[in-house]
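This report concerns only the one structure given below.
The values are calculated or read from the model by the stated rules, or taken from the named source; none is laboratory data. Given the structure is predicted, the values throughout are model-derived calculations rather than measurements. Ideal geometry is used to build each Cβ from the backbone, glycine not excepted, and the neighbour counts take in all protein chains shown. SASA here: full protein model, heavy atoms, side chains in, ligands and nucleic acids out. Shrake-Rupley method; radii C 1.70, N 1.55, O 1.52, S 1.80 Å.
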Amino acid sequence: MLKTLIEAFALISTWEVIIAMFAASVYGLVIGSLPGLSATMATALLVPVTFYLSPIAAIATIVAASSMAIFSGDIPGALLRIPGTPASAAYADEAYAMTRKGQAELALGAGVWFSAVGGIAGVLSLMILAPPLAEIALSFSTFEYFWLALLGLMCATLVARSSPVKAIAGMFLGLLVSCIGIENPGGVPRFTFGLTDLFGGIEPIPALVGVFAVAQVMRAMLTPEPPPLPRRKFGSIMAGQWRLTKLYHWQMTRGNIVGIIIGVLPGAGADMAAWVSYAMSKRFSKEPEKFGTGHVEGLVEAGASNNASIASGWVPSLLFGIPGDTIAAIAIGVLYMKGLNPGPTLFTEKASSMYAIYLMFIIANILMIPLGIAMIRVAAYILLAPRSTIMPIIMLCCAVGSFAIGNNMFGVVTVAAFGVIGYVMEANGYPVAAMVLGIVMGTMVEQAFVTSLIKSDGSILPFFERPVAAILAAMAIGALLWPVMVWVWRKVKPVQTAAATSR
Amino acid sequence: MRLPDSVTGSFLVVLGAAAAYGGWILPPVPGQPVGPNVFPLVIGSGLALCGLAIVFGIGHSFEEEEELIPLEDGQAAAPPPQGKLYGLRALLPPALLLFYVAAADRLGFIITAAIMVYVTSTALGAKWKLALPLAALSPFAIHLIFGKLLRVPLPAGLLPTPW
């Protein structure tokens with residue numbers, strides 16, 4: 001253990017890793033603070049750069065950029081009432097109300113401090129949860145993997161803030177995209193329409209860049225420019241945070257735990273964690289009437305929650321290759337490219353790399369405090385940059401980055417196509433995150449499904465025979481039926497209340 | 001681009017059915033009951049079923065209206081100009097990417113990128129005083145990062161970079 005820890009330290013204490021991490025942190029802070037550019041988009045645009053880095057440095061950039069971007073989304077949320085990333089949307093109103101009360105420092109300080117604490121709690125969960133889960137996962141057969149993947153996909157559709165039917169449709173679309181190419185059980189060209197470019201299938205990374213970055217530029221074309229940030233002088237940002245920590249330690253812990261759980265669930269990421277935690281904070285607060293008027297309690301809990309989900313989202317990604325959220329979905333692509341194929345054996349064979357990942361998460365979250373404070377102070381200048389200078393650069397990065405993935409122009413076509421698909425889906429209430437998970441997990445789902453079918457000789461029964469498989473199956477089917485039950489409940493409940501009032 | 005559910009749902013039904021049929025006609029692996037045809041068949045049927053459900057409005061009650069943060073006084077933004085062609089502006093980014101695919105090899109990276117930047121920037125409301133320098137400088141910066149540092153083989157075309 002100590003030896004691996006020393007090895008891990010050696011892995012991360014190279015100039016390449018240190019510079020990569022610092023640069024990615026600054027990049028993450030800037031992108032996250034710009035309204036309309038999400039943490040997922042920041043990570044997706046980073047992928048082409050990671051090709052040219054060593055494996056550890058590549059992961060370092062993703063870890064640093066995603067953690068920083070989630071925090072820095074709080075900045076325009078508090079100052080402009082426009083969340084920088086969707087993960088900050090839950091409490092942007094509250095933070096803005098605090099700014100209007102003259103407590104901008106307290107709101108932003110709480111953002112930095114509780115984000116860092118939440119991030120570290122997330123890493124601890126990753127360190128504690130992953131190894132024992134890996135032990136269990138070693139005995140998994142294709143049946144378990146099939147149900148696990150299905151459960152992941154179902155969770156992604158459950159937590160979407162949209163119609164579950166549309167979410168499931170989105171998931172199927174993603175799976176359908178993953179069918180394209182010759183990488184299938186028979187090795188025959190499938191849905192390639194005679195195009196050689198499609199033989200290799202649709203790469204997940206250009207698809208993600210298209211869905212998250214190009215679609216965002218498309219939306220920007222139709223929405224008005226956000227107002228500029230008023231200049232202001234900030235007092236001490238960290239003052240009073242320790243008092244808040246003591247006062248709201250229970251809320252903070254609850255936020256951390258909820259964030260960790262939501263992060264581990266496939267498909268549900270930081271934005272979901274923030275919404276749930278904010279709602280929970282209000283529900284259990286002693287003074288719920290203060291919420292919405294500039295009360296810091298909800299900020300503490302939700303801020304601690306969304307950053308905790310970032311690290312814990314890596315648990316299913318590293319163990320099973322099932323992404324905990326969209327950022328982890330991108331990370332999985334990078335892991336594969338760097339020869340760190342996700343799976344339970346990763347924790348025994350590449351233990352030092354795993355420790356290096358934990359360490360990088362911890363360092364990124366500590367680094368967040370000084371860099372975050374600096375960012376808050378210069379945010380006014382960065383937010384002066386008009387959208388019409390940022391979006392063109394994003395476009396160029398999309399084009400060059402997607403070209404760089406395979407050094408061919410088909411990547412750029414893929415990005416353009418998925419930009420349109422993502423835009424149309426979003427506009428019509430189809431959650432894109434479900435489709436992204438489908439694309440990323442498609443090959444794995446199919447392999448597990450077909451191999452299981454071959455092993456069982458076409459019978460359904462072996463899918464439920466092994467105990468773990470049976471439990472996972474029950475959970476997956478439960479997740480599928482959940483919306484139906486909610487629907488029935490909603491139909492029954494008004495009748496009951498009506499009967500009660502008439503009595 | 002907000003389409004009625006019946007349109008998107010019907011599209012999914014057609015797409016699902018086509019996928020299921022496409023899977024059906026794939027050649028099976030000799031001597032094996034399940035091959036590359038099973039998965040598309042399952043996915044296609046599922047997609048078609050979802051499409052049907054959407055057409056009939058099942059699950060619609062779960063959809064949450066997008067929470068728009070109400071504007072405050074002094075923050076009121078100008079209403080976006082509405083015209084028939086206004087909605088088509090959204091198609092500009094993908095169109096520019098396709099333009100990049102078509103033109104980059106012939107014109108070279110710098111020129112193509114400059115055109116892309118200028119058009120995007122102007123479309124988002126920048127004056128030429130801002131858009132022109134941006135279009136002149138940013139391709140070089142991107143080329144420096146990707147072409148020089150990361151060694152992505154960007155096409156030189158008509159205007160090779162000085163390095």
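Annotations
- Residue within the range B:134-153 that is at pLDDT 85 or above, within 18 Å of the chain's Cα centre (by Cα) and either more than 8 Å from chain A (Cβ to nearest Cβ) or buried (at least 21 other Cβ atoms within 10 Å of the Cβ) (or both) present: no
- Listed by position, the helices (runs of 4 or more DSSP H) contained in the range A:338-406 that have at least 3 residues being away from chain B (no Cβ under 14 Å), surrounded by 22 or more Cβ atoms within 10 Å (Cβ to Cβ) and in contact (Cβ under 8 Å) with a residue 12 or more places away in the chain are A:351-382.
- Looking only at the range B:8-36, and only at residues there that are at the interface with another protein chain (Cβ under 9 Å from one of its Cβ atoms) and over 18 Å from A:Val177 (Cβ atoms), the one that is modelled with the highest pLDDT: B:Gly9
- A:Thr414 within 10 Å of another protein chain (Cβ to nearest Cβ) and open to solvent by less than 40 Å² (accessible area, probe 1.4 Å): yes
- The one condition from (1) within 21 Å of A:Leu396 (Cα to Cα); (2) surrounded by fewer than 24 Cβ atoms within 10 Å (Cβ to Cβ) that A:Ala8 does not meet is (1).
- Where a residue in the range A:250-261 is over 9 Å from A:Ala121 (Cβ atoms) and its partner, wherever it lies, is open to solvent by 20 Å² or more (accessible area, probe 1.4 Å) and assigned to a helix (DSSP H, G or I), with Cβ under 6 Å and at least six apart: A:Val258/A:Val276
- Residues of the range A:417-438 that are open to solvent by 30 Å² or more (accessible area, probe 1.4 Å) and either among the hydrophobic types (A, V, I, L, M, F, W, C) or not in a helix (DSSP H, G or I) (or both): A:Ala417, A:Val420, A:Ile421, A:Val424, A:Ala427, A:Ala433.
- Taking every residue in the range A:469-487 that is within 11 Å of chain B (Cβ to nearest Cβ) and pairing it with any residue that is assigned to a helix (DSSP H, G or I) and not aliphatic (A, V, I, L, M), at least 6 positions away or on another chain, the pairs with Cβ-Cβ distances below 6 Å are A:Pro483/A:Pro164.
- Verdict on A:Pro266 being within 14 Å of another protein chain (Cβ to nearest Cβ) and either out of contact with any Lys or Arg (no Cβ under 8 Å at 6 or more places or on another chain) or not charged (D, E, K, R) (or both): no
- Tally, over the range A:161-179, of residues that are open to solvent by less than 20 Å² (accessible area, probe 1.4 Å), of a type in the set (A, V, I, L, M, F, W, C) and within 20 Å of the chain's Cα centre (by Cα): 3
So that you can scan it fast, the table gives a plain yes or no per residue for (1) charged (D, E, K, R); (2) part of a helix (DSSP H, G or I):
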| site | (1), (2) |
| --- | --- |
| A:Ile205 | no, yes |
| A:Leu208 | no, yes |
| A:Met238 | no, no |
| A:Ile257 | no, yes |
| A:Tyr278 | no, yes |
| A:Lys282 | yes, yes |
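- Elements of type helices (runs of 4 or more DSSP H) contained in the range A:18-135, each with 1 or more residues being over 21 Å from A:Lys282 (Cα atoms) and open to solvent by less than 10 Å² (accessible area, probe 1.4 Å): A:39-50, A:55-72, A:74-80
- Between B:Gly108, B:Gly157, the distinction of being more than 11 Å from chain A (Cβ to nearest Cβ) and more than 25 Å from the chain's Cα centre (by Cα) belongs to B:Gly157 only.
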